[in-house]
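These notes concern the structure reproduced below.
The values are calculated or read from the model by the stated rules, or taken from the named source; none is laboratory data. Just so it is clear, the model here is predicted, and its values are computed rather than measured. Note: areas computed on protein heavy atoms with side chains; ligands, DNA, RNA excluded. Shrake-Rupley method; radii C 1.70, N 1.55, O 1.52, S 1.80 Å.
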Amino acid sequence: MNIYFLIIGVLQLFPSITPVNPITTWLPIIIIFTLSALKELLDDIMRYRSDKRFNTRLVSICRNGTLIEEYSESIRVGDIVMVKSGEEFPCDLVLLKTGGTTPADNPEGLAFIQVGGLPKKETRHPALLLPPGSRWLVLAGLMSAQTANLDGESDLKQRSPLEATQKLAESQVLLFKGVVEGPLPNPNLLQFDARIFMDAPAHLSTFGAGGVPGAGIGGQLGPGGVSLTLRQLLPQATVLKNTPYILGLAMYTGNQSKIGCNKATPPSKMTRLEGLINRLTFFIFFLQLALVLVTGLVGDFWQLQRGPRHWYLALSSVMVENVGEWFVLPLRFLLLLSLMIPISIKGRSGYISPMVSISSRSSPKPPQVTLDFVKLFTAFLLNWDLAMWDDQLAVGALARSTALAEDLGQVTHVLSDKTGTLTQNLMQFQKCAIGTRAYGSPIGTHPVVSAVEDQALIDVCPAPPALPSSQRHFRSAIWAAFGPHRALAGCLQSAMRGVPETLDFLRSLALCHTVQATRKSVPPQAPALALWNVPPSASPDEEALVKAARQLRVEFVKRDPHFIDISVNGRPERYEMLALLEFTPARRRMSVAVRRLSPPPEADEVLIITKGADDVIMARADPNDELRGPIQGHVDSFARTGLRTLIVSMRRLSGADFAAWNERFLEACASVEGRESRVADVCEAVERNLRLVGVTAIEDKLQVDVAETIDLLRRAGIVFWMLTGDKMSTARQIATSCALMSPTALISMGCPSGAAAGGAVRGQVIDVTGRDVQDIRLSLEQVEQQHPAGRRANYTVVLEGTTLETALAEERLAPVMSALLAEADTVICCRATPRQKEKAVRLVRKMPSPRRLAAEGIKPLVLAIGDGGNDVPMIQNAQVGVGIQGREGLQASLASDYSIPAFRHLRRLTMLHGRYAAVRLAFIGQYCFYKAFLVASVQLLFNLFTGFSGASFFNSLQLAAFNMIYTAAPPVAFLLDRDVEPGRSLTDPDLYRRAVRGDYLNKKTFFAWMLRALYQAAAIFFITAGAYGALRGTWIDQDSMPVTVYTAVLVLQIGTVLGASHTATWINHFFIWGSFALYVVVSLVLTCIPREATYGIFFRMLADPVAWLAIPLSVAAAWLPFWLAEHLLALDPSGSALPPSGPPGSPSKGHHKQRPSPPLGEVADETDSSTPFLDACDQDL
């Protein structure tokens, strides 16, 4: 469309073609492009200032063994940099040393970093800078990088230096020389495979001239290197916490850092309204071309035939002698009818940052004014809504996008994460099973007794023996401290001896984790009960398990790089930490290898403790373990109550066997190429033949009003997909609690017992199982046999992410699976990985619409909501992405289009702000086309009486000011309009269904607006012309009649906008009547200027009684029929061929004006809010 308006502007520069002054096109183009350029300039200025602030921060850099302060932009690869607590890392650093704490306080030299959100981008490999003369030489080796995001488990992560560098003094680190071999810059945030060689001179011989690696290196510098992992990497843009300062090596700088490689232009998102307007614009364009062709040729033939009669025009000779003259009239009509496409309707959508600067996040489109302004103000209304404010988090809703407001009111599918999105991500240890026995009362019973307070657990613990006098004080202290919880106190005392399997279970919880502890003070009267603080862990589950073990007097005390101390019934135990196999999303388990030092064991053995997901552990458990059946039963039982389960297991190895395995493990860890796969293979060798110990069950409570929100949105016709990494039984229970599934739903497992005879079966739960193509095919065939497509209704599909991914990859299964999922009322996808979540979003966007929507021609519109970094791919690929600011950090929030504090606010986001935006923008979009089509129709009707000459009825100034000035403000004032009260919009699902169906904007309503414009143009033109002819005796007065018709058109716009408004405030009336007043003032000024073509014309119209009669008569004839159709005949606007004076499809409002509830500000109740500003505006007129 940019090219279209440019062509129109260029053609108007030729006097022989243009019927009007070029200012009619060039002035709007200049104004709109200037506004667009100013917006881009503002964004560039904000970006430049942000970059400059970042690049000119003072940082401490080592120069010749001394730390000096320089700008961060002077950092080069290989520099030693000091960062202090609370400061942001200026580049990607390799952690060498932490300082400011004593070894006793921080034996591992731990540093804590606060992680922000990093966007997603595909892999790229820019060249790594190798500065000459660097004290540290960084050698870039080849590797295959993957697209990844932060795992999102916690916003506080631990980093630790190597022991070899931590024990060095600060002066030694500043003067030290070494070699680091690492990967090329890449966007993989979850992997850093590198090595450090402490003796640089010994390895310099492997480099060729100029410091470039020789051909024989192959990415390896020989033996002796110490492996570097993600625990030593400090990413740029993260913040140092809880550590006085660190010394780090600059590994990647600038755009080659992890966050730099992840920078990318966010995906382009076009709203459904924009897509429809695009198609309608093309229709209007082709209609315009048809009219241009017809009227131009008719005009040519008219001149050719009538030329001899009107010899004074010299028409026939010109047409015959110059063939090019045949194209003059078509081009003139092209310019005359170019008003049919308003220049300000289409444009560039943008994102709004917290600094209120707008940045483009879409492909270039024609600039817009009207819709962009309305969308921008809609974003502010959302940001100011205090009903979406969370006092605990001190955050509110934030619209990061100014382009997608109307899509919030037309969502058909919601794809949601579970943990942290539907639940609170606050883990509470509720139940456990040790061996064959389960502990803890079922969820929902009163009073609720957790496992640590269960009397049954106390009963299996043998009674404590008689205590010597030295221990009596300790027993008394226990009883005094836990007197209110006698069951727990008894358990703590009886656990002083403990059943072996019980102690194995509790020791496993206290040893197998990554939690760090710091000592806290205790009251003097209970010195024996000095406990240790457990700070937030990288996993809320680990934190809950360690605290539970501590409550049962198996307490994690502290750890250092080589040892871990626990306390069992008050007796200290020390273990040597030999290996830590960390949890990853791919492994879904973690293991530790420890050797007990005190009290000394009877034999030299190493204990391998493994905990993880049930399917992972069961696959690696001893096949002959007699607890396999009971443990699996406990897992299923706990999961059915919605608890998160982990299986605890262990294995004992001899010292010699472990030494042999550990040698291979260290070799794999020291590799650079393929480290991840090599380490995984070595871990598999030790994590097998595990002995099952027990099961933990943790409750993650639902957020407030989750079930109510989902129930209302489902009644509004929205289909929900819950995508979770939990096992199927847990997901089922959570889905039932969230009102995604009925508790009494018929569960069909692909077997005959799930079939129902006769009629349509409602409330079915259909499981699609299988991990390979053959099993999935059989499962789908059984589903089709038991529940044919014609008999399924309101059913839920439950499947695993692997099942979905495998089915979609198979050409013959993909259509069957898509058809099954398309008609589902709810889909629960278990064991889903971030990549599978992303594929699910793409599937829903491409799959056929449900029958109820397909009948209306509605395609799926997907909203994805999550709270963690692993939800970012899903959020970015959805048409509308919503992030929750929760315990998992800001990754999802920063990558989203809209950010909200809690899931319950999704109701207000969609059903209030989204639906209001859909209704308002539907009217404004159609109104912009309507008023442009109205003026173009008047121009066309005028040429019926001028021999199709292509002459303009209005003067150039009137045409230029009509769209840009006189009729621009009234529709903008409509952004405060409310067709219904907020309370009804939040509680009436049918209103949202109407927005989804497109009742407010569709082809039918659009063409009704165009017919309305054509009729009103004819009514005003012919009634005005008739009035001049009947009362004055002349048919057309070229001076007075255009001004009269123009004035009547503006008065008609007042009636149209006022009739469409459902609420009346002084703001609405100010813009509506103020625009007309501006027209009067401008006309009075211009009519007084002798050199203007309008000199004296407006005064003549004001003094002419014909004009005073023609204006009200023509406006009444043009507007009254539509008002009667809507109000007196009580026709349904959405079903009538004629649009109402309000937005097509809007509810009938009668003759009164409703007092609107303020859309933002202080919350009066759940469905209302206000601000002082709108209170002042909200006066009924």
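Phi angles of segment 995-1005 translate, via the Karplus equation with coefficients 6.51, -1.76, 1.60 and θ = phi - 60°, into HN-Hα couplings of 5, 5, 5, x, 5, 8, 8, 8, 4, 5, 5 Hz per residue; Gly and Pro are given as x.
Near residue 581, the amide H atoms lying under 5 Å from its own belong to 591, 592, 593; only residues 5 or more places off or on other chains count, and H is placed 1.01 Å from N.
Let me check I have the definition right: for segment 782-862, take the eigenvalues of the Cα gyration tensor, multiply each by 5, take square roots. What are those semi-axes in whole Å, largest first? Show your work: numbers first, answer last.
Working: eigenvalues 77, 54, 28 Å².
With the √(5λ) rule applied to segment 782-862, the semi-axes are 20, 16, 12 Å.
Suppose a student asked you for the relative contact order of segment 952-1046, using Cα pairs under 8 Å spaced at least 6 residues apart; what percent would you report? Worked out over segment 952-1046, it gives 27 percent. The heavy atoms of residue 273 present about 10 square angstrom of accessible area, all protein chains included, probe 1.4 Å.
Please list 408, 11 from largest to smallest accessible area, probe radius 1.4 Å, with all protein chains kept in place. Please list the in-between numbers first.
On the way: 408 0, 11 30 Å².
In descending accessible area the options line up as 11, 408.
The listed residues 625, 767 rank as 625, 767 when sorted by accessible area, largest first, using a 1.4 Å probe. Rounded to whole numbers, the Karplus 3J(HN,Hα) couplings from phi for segment 30-36 are 5, 5, 5, 5, 5, 4, 5 Hz, using 6.51 cos²θ - 1.76 cosθ + 1.60 with θ = phi - 60°, and x at Gly and Pro. With all protein chains in place and ligands, DNA and RNA left out, the 1.4 Å accessible area ranks 1028, 1095 as 1095, 1028, largest first. Here's how it looks for residue 194: its modeled amide H is under 5 Å from those of 228, which are all 5 or more places away or on a different chain.
Report relative contact order for segment 841-969 in percent, whole number only (criteria: Cα-Cα under 8 Å, sequence separation at least 6). All intermediate terms of the calculation are to be shown ahead of the outcome.
Numbers: 135 pairs, mean separation 16.3, N = 129.
Contact order relative to length: 13 percent.
If the limit is 23 Å between Cα atoms, which of 39/1003; 375/931; 839/1003; 84/258; 241/727 go over it? Present the calculation step by step, with values, prior to reporting the outcome.
Numbers: 39/1003 33 Å; 375/931 20 Å; 839/1003 32 Å; 84/258 21 Å; 241/727 35 Å.
Result: 39/1003; 839/1003; 241/727 exceed 23 Å.
For residue 389, the accessible area of its heavy atoms, probed at 1.4 Å with every protein chain present, is near 110 square angstrom.
For segment 1049-1063, backbone phi angles converted through the Karplus equation (6.51, -1.76, 1.60; θ = phi - 60°) give residue-by-residue couplings of 5, 5, 5, 4, 5, 4, x, 5, 5, 5, x, 7, 6, 9, 10 Hz, Gly and Pro being listed as x. Of the whole protein surface, residue 72 contributes about 10 Å² of accessible area at a 1.4 Å probe radius. Close amide H contacts of residue 1063 (hydrogens built in the peptide plane, cut-off under 5 Å, sequence separation of 5 or more or a different chain): 978.
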